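The values are calculated or read from the model by the stated rules, or taken from the named source; none is laboratory data. As the structure is a computational prediction, the values presented were derived from the model and not from experiment. Backbone-built Cβ (ideal geometry, glycine too); neighbour counts: all protein chains shown. With ligands, DNA and RNA removed, areas are computed over all heavy atoms of the protein, side chains included. Shrake-Rupley method; radii C 1.70, N 1.55, O 1.52, S 1.80 Å.
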Amino acid sequence: KKNNPPATAASLLRSKHNNHMQSNSNSSARQIVSFSQPLDVLLGGGFALSELTEIAGLPGSGKTQLAMQLCVDARLPGQYGGVEGCAVVIDAEGSWTGAGVDRLWSLAGALVDHVRGSALRKMEANKAKEMANGGGINTDTTATEELLPSWFTPESILDGIHIFRVHDESEQTCTLYNLPQFLQEQEEKGKPVKILVIDSLAFHYRVASSISSSNKGNFLSTTTSLTRMAAFLQELASEFDLAVLALNHLTNKLDKDSTGAGGMKLVPALGESWAHSVTSRLMVDFYHRHVPNGALPGGVMGEVRTCSLVKSPHKPNGTALFMITDKGIRGLPPQYIQQAEEAKRARLN
C-alpha cells in the first residue's frame, strides 16, 4: 500500500481557513458565545467550532443550563456575532423534555429581547448621527426589521433545536452513528447544525457498566467503544464544522500520594482514554458564595458557579465565574468578582 505524502503545516492552515470560509459564508464567527463575558474570554471568544469539548461537574452544578444556553445562542444571527445555525441534542437523562422545554423557551425569549434592544439602540444611534449631519428624521418602520431578521423569534429558535431522546446505550450509540445523514440533510436545507450536545455521554455507559461490573471483558469493550466514539465525534466536529459538547459526570477515584497513603477524589467519569480524546475539558462547580437576590438584573436562580478550563491545546488554563439567572447564563459584574476574590483570600489567610 502506497503511503500518502506528508502535508506541510502551511497547507493545512490554508485548507482549514478555506473550509471555514465556505461553511461560514453568512457569518465569520468561529465560536458560540455563552453570554457570560468572563467565560467567553477564558475560551478565547466562546465555544469553538470543529472541536470536542467536555463539560464535567456535580449534579446541579449548571452543566445542562450552560448547554441549553449554547443551543439557544447558536441561533444568533451572523450580524450580531452568532454562527446562525441549528442545534442537535442527544438527551440521555430526560433533562431536555418537560420543564427543560420551558427553560429553552425562557432562554430564547431573553435572547430575542436582548438582540431587539441592541437593534433599537443601533437604530437610535443612526438616527442621531443623521440628524447631527443635517439629515431628516427617518420614520421608516422597516429599519428595525433590517437590523433584526424577521425569522428571529423564540418560536424559530426552538424550531432549530432538534432533541433526540435515547433510553439506553445501544439507542444512544445508534443515534449518534446515524447523525451524519441528518446533518447532511440540514446542510442541504440551508440550516446547518452548529452544535451537538450529548447530555450526558456517561449516563448509559455507567448504567451498563454497573450491571456487568464483574465482567472484565465488558469493561474492555466499553473502553474500546468510548475510544471509537471519541474519534467519531472528533471527525463529526471537523467534517460538519460544529461544536460537539459532551456533558460528563464525576466519579470517585483513589488518590495515592508518594507514601502510598491517600483518599478518594472526584474526577470526570469514563476514564483516561476518554480524557485524552477530548479537545478541551471544562470543570463546572459551585462557588460557595451567594449573590443577594435582586443584586443582578433579571433575578438570581442560585449560587455563583465556577467554570475551570483544565485542558486545552491552545488556551491557558484558568477559571471564570458565572451565574444562572432567569434569563440564562450571565457573567458576574466586576464588583462581585472582586468581592469574591477578596473573600477567597480572606479564607486562605
Quiz item: Which value, in Å² rounded to 10, gives the accessible area of residue 162 with a 1.4 Å probe and all protein chains present?
Solution: 50
Quiz item: Taking all protein chains as present, what is the carbon and sulfur share of the accessible area of region 34-175, in % to the nearest whole number, probe 1.4 Å?
Solution: 53
Exercise. Please label the shape of region 46-106 as rounded, prolate or oblate, based on the square roots a ≥ b ≥ c of the eigenvalues of the alpha-carbon gyration tensor (a/c under 1.5 means rounded; beyond that, a/b larger than b/c means prolate, else oblate).
Key: oblate
Practice problem: Order these peptides, 85-92, 40-47, by their mean beta-carbon neighbour count within 10 angstrom, highest first. | Solution: 85-92, 40-47
Quiz item: Using a ≥ b ≥ c from the Cα gyration tensor of region 72-117 (square roots of the eigenvalues), is it rounded, prolate or oblate, where a/c under 1.5 gives rounded and otherwise the larger of a/b and b/c decides, a/b for prolate?
Solution: oblate
Quiz item: Cα to Cα, under 14 Å, and not fewer than 8 places away if on the same chain: which aspartates and glutamates meet these conditions relative to residue 253?
Solution: 272
